[in-house]
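The values are calculated or read from the model by the stated rules, or taken from the named source; none is laboratory data. All values reported here derive from a predicted model rather than from experimental measurement. Every residue, glycine among them, receives a Cβ derived from its backbone with ideal geometry; neighbour counts consider all protein chains shown.
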Amino acid sequence: MQRLSFEKNHIWAKILLLAHESQTSKLLKLVQEYENILCRYHLVVPAQIASRLPQKLKLSIQPLELNQLEAEVESENMLAVIFLIDPTQNDLSIPDVTDLSRICSSRNIPFASNLATAHPIIRSLVPTRVAHLIFNPIAGQRNATEDLLKIRQILAPWLHLHVHLTTRELDADQLAQQAITAQPDLIIASGGDGTVSLVASQMIGSSIPLGIIPRGTANALSLALGIHTTIEGACQLIIAGTTRRLDAAHCNQHLMTLLAGIGFEAETVGKATRELKNQWGVLAYLIAGWKQMGQQELITTELEIEEKLYQFQAFAITVANSAPPTSVLAQGVGEVVFDDGLLDITIITAKQALQPTITSKLQTARYLMNLYGSALIRTKAELPNLYHFRAKSLKLTTSSPQKIVVDGEMVGTTPLEVSCLPNALTVFAPAKHDPSKLENIASLWVRKVSPSLSALIATLGLGGILGVPLSLWGIIGIATTLLPANTEAIENQIIWYIQQWIPPFLEQVIISISILGNGEVVIPGFFILISLLLWQRNYWKTGMLLLAFFGAWIINHELILLFKQTRPYLRPLFTSDGAANILSNNFLQGTVLYGAIAYLLTLRFPQVTHWIYSGAILLVGAIGLSRISLGIQWPLDVLAGWSGGFLWLSICIILLRLKNIRSSVKQRQKTMIIQR
């Protein structure tokens, strides 16, 4: 059984245990019965009772004098009070049960006065996770007191939180060792990359997951893992409980979760002093990097990977386990995968040392921005003088000792040995996102055609307006050429067959359904939907719907010019146009309208997507069949309306999704700039 000293830099989750003399044996038995639950908390126990607990129990005990009990109950982090009382006993040496009950009631603390109430209180602690928060109060530039209060307010309803504050004498790795000994459900590190790295170094191989609440200057690991850089976002991710496996690496006996840098990276970090970061914040790295651009010398380097030797005159060498896009010198292939069991080695070479001129610095800055842009769209940077390798381990030597920076901290000089530790840590992070086919197409366009996604959006839009009618015209032209004698006869037979199955009493219903494809319904429907989207300030969806409407109108008229075909006049029960032709009465626009409504509804109600799309298909299908049965359009006309409307709507949806991808890239770029 541990006797712990309680210091001001720890805030423990506590349970007060108290009993009258005649009930003490029951309390001791209760503690032994629930040892596996109570061992996760700090037990506040009067000294005379604590001395009677068996030494073999693995419990954290805080002995306390009786005259301090009421003050302890009123302190923070008291989870429950168990006071087994003897109603027949009047022990003046123990605080009055009424006073303790009053304090617990005012502070909303569970209070048990007998075994019947003590058992459910202790059992209620089973599903509640216990977390140890290691908090660096000097990280970043925000108010540490306010940050800690906000973290506790968000996490307290979900976790029993033990808080440990780092000090000059007690660093994060020492606090992590203490936390691991307590075997909590999770450990949370709140600070900069240095704090997170120290905590992670003690958790290698542990089954305890690590939560990260970034509060540093760069927060590179959080950005690399996709963890939100606000306190609220990071806390909500921990509450959600989604975890990922994270590789780590041994780097000259130091743990590495991010990257090691030699050359430009190391010299830049060395120049970004604490004073500079306090004065300029995230801009300190840019200021230091600009200074270093004209001073960086070339490094004669020998790299050994899998018994193969490579020699370079290097400007910068980066070995990355994980890295956000802002770590531009690690972006050899546009993305560092943090759970593939491999290290990403990126080497930038040069024929001669950089000159301390504005022109030379601007050229270097442009080179680095190209790397940054490749990282944002996750594509390989096609740049000269850039070499990339992937390996499980490596050895690197230089002609003269060079500084090494690991996870933002200077750790010595070359030579350098690095070996990957696959799946070394479990970290709370967003679920893995596999790029969609559309994202892959967008990436290919940016890499091979144009760096602008706007050009792809414009090309698809214009191509759809011209290509859809031409495609339908070509298909129908081929069909009528191959079957010139049979096409009209087949269509007449289809019309006659449909009409035979329609009883006369349903004609009015069929007419009503057919009207849903007419311009007097479709056009107002479009503008009502556009007005609703504008009212909700969904401007991009409004733009998509306007494009769908006017594009469908253009395609409809293109088809009218391409086809000269009269109505069948087999059973002219209902006519609204004097001279009808293919896709008259805005049937193609109706297909687009009802399809667009279905798509927007699925975004709002994704749980019933199949039902929504099924309803839209049935409605559009019923409109088309009604127009055939009423003798308004030929079957091929209706088929063209279905096909053309579906194709054009699909293109519009793809354009909207491409816009979202483009906005996501820009937002990621904006976020990275803000964080750096």
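Remarks
- Residue within region 257-279 that is under 22 Å from Q363 (Cβ atoms) and at pLDDT below 75 present: no
- Considered as a group, the residues in region 33-68 that are polar (S, T, N, Q) and more than 23 Å from V163 (Cβ to Cβ) include one that is nearest to the chain's Cα centre (by Cα), and that residue is N36.
- Residue count for region 114-130 under the criterion of being in contact with a strand residue (DSSP E or B) (Cβ under 6 Å, 6 or more places away or on another chain) and over 18 Å from H42 (Cβ atoms): the result is 0.
- Wholly enclosed helices (runs of 4 or more DSSP H) of region 88-202 bearing at least 1 residues modelled with pLDDT of 90 or more and surrounded by 18 or more Cβ atoms within 10 Å (Cβ to Cβ): 115-123, 144-155, 172-181
- Among residues of region 332-344 that are under 25 Å from N385 (Cβ atoms) and at pLDDT below 90, those with a Cβ under 6 angstrom from a residue that is assigned to a loop (DSSP other than H, G, I, E, B) and of a type in the set (D, E, K, R), sequence gap 6+ or separate chain, pair up as V333/K380; G334/R378; G334/K380; E335/R378.
- Scanning region 543-568 for residues that are β-branched (V, I, T) and either part of a helix (DSSP H, G or I) or at pLDDT 85 or above (or both) gives I554, I555, I560.
- Each residue in region 508-542 was checked for being outside any helix (DSSP H, G or I) and either among the hydrophobic types (A, V, I, L, M, F, W, C) or under 23 Å from N660 (Cβ atoms) (or both), and 4 pass.
- Residue in region 60-73 that is within 23 Å of K26 (Cα to Cα), in contact with a Lys or Arg (Cβ under 8 Å, 6 or more places away or on another chain), outside the structural domain of V163 (by TED's automatic domain parsing) and among the hydrophobic types (A, V, I, L, M, F, W, C) present: yes
- Figure legend. Inter-residue proximity from region 204-224: first residues at pLDDT below 85, second residues in a loop (DSSP other than H, G, I, E, B) and basic (K, R), beta-carbon distance below 8 Å, spacing 6+ or different chains. Indicated pairs: A218/R676.
- Scanning region 308-340 for residues that are touching a Cys at 6+ places or on another chain (Cβ under 8 Å) and either surrounded by fewer than 19 Cβ atoms within 10 Å (Cβ to Cβ) or of a type in the set (A, V, I, L, M) (or both) gives a single hit, V319.
- For region 225-236, filtering for residues that are in contact (Cβ under 8 Å) with a residue 12 or more places away in the chain and either not assigned by TED's automatic domain parsing to the domain that holds T145 or not aliphatic (A, V, I, L, M) (or both) leaves 5.
- Counting only strands (runs of 3 or more DSSP E) that sit completely within region 204-263, those holding 1 or more residues that are on the phi < 0 side of the Ramachandran plot and of a type in the set (K, R) correspond to 243-251.
- Looking only at region 539-550, and only at residues there that are more than 16 Å from G641 (Cβ to Cβ) and crowded, with 16+ Cβ neighbours inside 10 Å, the one that is farthest from the chain's Cα centre (by Cα): L547
- Test for Q292: is it within 30 Å of M203 (Cβ to Cβ), among the polar types (S, T, N, Q), at pLDDT below 80 and surrounded by 15 or more Cβ atoms within 10 Å (Cβ to Cβ): no
- Residue check for A112: outside the structural domain of P157 (by TED's automatic domain parsing), more than 41 Å from the chain's Cα centre (by Cα) and closer than 20 Å to H162 by Cα: no
- Looking only at residues of region 515-536 that are over 36 Å from the mean Cα position of the chain (by Cα) and modelled with pLDDT of 80 or more, we find that the one that is surrounded by the most Cβ atoms within 10 Å (Cβ to Cβ) is V522.
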